[in-house]
Amino acid sequence: MNGKTSAGRRMKNHLLTVLVVVAALACLVPLVDIVWIVAAKGLAAMSWSLLTTVTSGVAGGLANAISGTILLVVLALVFAAPLGIIGGLFLSEFASTRVAWFLRQGIDILNGVPSIVLGYFGYVTMVEWLGWGFSLLAGAITLTMVMLPYIMRAAEIAMTRVPRGWREASLALGATHSTTAFRIVLRGALPGTLTGLIIAVGRAMGETAPLIYTAGWSNYMPTASLTHSPVGYLTYVVWTFIEEPFASAHALAYAAALILMLMVLAFNVGGRLLLKRRAL
Amino acid sequence: MSRPTPWRESLIRATSGICAASALFFLFAVLAVMFVFAWPSIIFNGWHFLWGVPWSIGNLYGGNFVVHNGIEAPQGAEYGMLVFLVGTVLTSLIALVVAVPVSLGVAVFLTEVAPARLAAAVGVLVELLSGVPSVVFGLWGVEVVAPLVGHGLGIFLTRTLGFIPFFAGPVGTGVGLLSAGLVLAVMIIPIIAAISRDILARVPRDMKEQGLALGVTRWELVRTIVLPYARSGIIGAVVLGLGRAMGETMAVLMVSGSAINILPHNVYSPVGTMAANIVALLDSAMTDSTGMAVHALAELALALFMITLIVNLLVPVVTSGVNIIAGTVPGAGGEKH
């Protein structure tokens, strides 16, 4: 073999290694930097009273925002989980190939709709037209639209992975199609479905755009009323308070960002661990 | 054991079918409501909306109203979305130019170069960080990227690439097009990289082994076998990343400068994007007693919906292997569904 070409080829090969390592660093360095900054400045701002007092102006605590975020996501989950899981069951067990294809297109498109468009839809329909005002229900229903596609597709994927033999065994024992679907497939797909739910919750917690003009913002703890009472949430604090010129506002923004990151990370890790431990 | 009767069977099927159709219902509801709500603006502004530069809610205090095409609006009201369209396209373009090579590099690194254990660790890290909320990316953009562009990178670019008009100064504060594009790039790299990795991992082992048996180097293997085999899937991942970038709201809102009425004159100029400016402009739009400002924002949202719809519909067209959601479901590995 010609030595010159060989050296050139070897150099190109080394170049590839260098390039992809640089790419990996270029991907990781910003992400590590984000975690680092949020952790450092967030921890510096963190205190016990932050978690127990409400926001006042651009100072105070985050108790209202933390409880608001949890309330909004839990209520959205109450709507999205049954719709998503049973819808996923339909796609995997009952729908004909053509119907399933058609529904999947709709789900994927809804998943790709920018969340601010969903937020504007929520504002126009629920806040204005139905007259609910900025409220828990308007925010939660808008979040439902964000969570639903992911939950439904994750559930469907988990269900299609249940071995065919399980279904056949159930049918051979005389169970109907629907009994098989609910007793065998739904149960067999539980780990994957739960993982989808948990990751969807983590995502919903980090959403801002769907909530700004549906949930509004409130300095007070959420009330028991579903409508006519705005709700505070953590992402709002990060977005608005970092633009304020006060140190107390910046501290709150970083503390909120840290709490958000920890919550999102906990849900992401939890969901993946669950899948790993109880995978089919 | 009680056997469900046939009517119960069909009731169960129908109910679960309704659940599955709820996503479709929401989709059509959003489309219909946005269209109906945008209608006064569509009539008032006409085709001018698509290429007009000024975005003005008019004089709210004069008490004078104009009627155009039968629709009433404050005097001087005029709506065009060109500034926001250009802002959306340019920020997404910068994001893609930066993100695509980096993502491909990461994918090749994870599948072909890194030892298995390192690849697994980096892969999990990238996946976990794809869940970072967009406001946190925005926070980082405000604190790190914008100052970096304003005081370092921007000045460096004007010195080195300044002969290209779009890269010439002034650099300004750093809040603007370049910062928004860079933050978007950081946001979409994990998405494009994770999906590309799954696609590269599916290149058949024997194809690679045949290449290696012929004595090709790893560079040649990647260039002549792996990347061509995975091309359609990678294009799908890139289009998916583009869709995300175009619809991203909060991070862009925080670092773009929310420009209105003026097109960017260089890569450091403040810009407004369609998604970000819906948030930025809605508060003031609510003060318009004729409601035209809110209708115009609905038309802007409808246009954004249409653009992302077209981009997302391209994904299954350009690719046969990736799915928008399946690619991000853990354990699903982005395979066909």
Determine, yes or no, whether A:SER248 is touching a strand residue (DSSP E or B) at 6+ places or on another chain (Cβ under 6 Å), small (Gly, Ala, Ser) and either part of a loop (DSSP other than H, G, I, E, B) or modelled with pLDDT under 90 (or both). yes
The residue from A:GLY196, A:GLY216 that alone is in a loop (DSSP other than H, G, I, E, B), within 14 Å of chain B (Cβ to nearest Cβ) and out of contact with any Leu (no Cβ under 8 Å at 6 or more places or on another chain) is A:GLY216
Within region B:53-95, count every residue that is under 19 Å from B:ALA275 (Cα atoms) and in contact with an Asp or Glu (Cβ under 7 Å, 6 or more places away or on another chain). 3
Which of (1) in a helix (DSSP H, G or I); (2) surrounded by fewer than 21 Cβ atoms within 10 Å (Cβ to Cβ) is the odd one out, the single condition A:TYR236 does not satisfy? (2)
Hey, could you check region B:225-241 for residues that are within 13 Å of chain A (Cβ to nearest Cβ) and surrounded by fewer than 24 Cβ atoms within 10 Å (Cβ to Cβ) and say which is nearest to B:TYR268 (Cα to Cα)? B:VAL239
Residues B:PHE49, B:PHE44, B:PHE37: which one is out of contact with any Cys (no Cβ under 6 Å at 6 or more places or on another chain), within 9 Å of another protein chain (Cβ to nearest Cβ) and at pLDDT 85 or above? B:PHE37
So is A:LEU275 in contact (Cβ under 8 Å) with a residue 24 or more places away in the chain, at the interface with chain B (Cβ under 8 Å from one of its Cβ atoms) and either part of a loop (DSSP other than H, G, I, E, B) or aliphatic (A, V, I, L, M) (or both) or not? yes
Considering only residues that are at pLDDT 90 or above and in contact with a helix residue (DSSP H, G or I) (Cβ under 6 Å, 6 or more places away or on another chain), look in region A:31-44 and name the one that is farthest from the other protein chains (Cβ to nearest Cβ). A:GLY42
Looking at region A:51-59, can you tell me whether even one residue there is within 13 Å of chain B (Cβ to nearest Cβ) and either over 30 Å from A:LEU258 (Cα atoms) or under 24 Å from the mean Cα position of the chain (by Cα) (or both)? no
Filter result for A:ARG153 (part of a helix (DSSP H, G or I), away from chain B (no Cβ under 11 Å) and among the basic types (Lys, Arg)): no
Among the candidates B:ARG197, B:ARG205, B:ARG218, residue that is closer than 20 Å to B:PRO115 by Cα, crowded, with 23+ Cβ neighbours inside 10 Å and either modelled with pLDDT under 85 or not aliphatic (A, V, I, L, M) (or both): B:ARG197
Any chance region B:81-92 includes a residue that's modelled with pLDDT of 85 or more, part of a helix (DSSP H, G or I) and closer than 30 Å to B:ALA201 by Cα? yes
If only one of B:LEU139, B:LEU182, B:LEU161 is modelled with pLDDT under 85 and in contact with a helix residue (DSSP H, G or I) (Cβ under 8 Å, 6 or more places away or on another chain), which one is it? B:LEU161
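The values are calculated or read from the model by the stated rules, or taken from the named source; none is laboratory data. Source: prediction; values computed, not measured. A quick note on method: Cβ atoms are made from the backbone with ideal geometry, for glycine too, and the neighbour counts reach across all protein chains shown.
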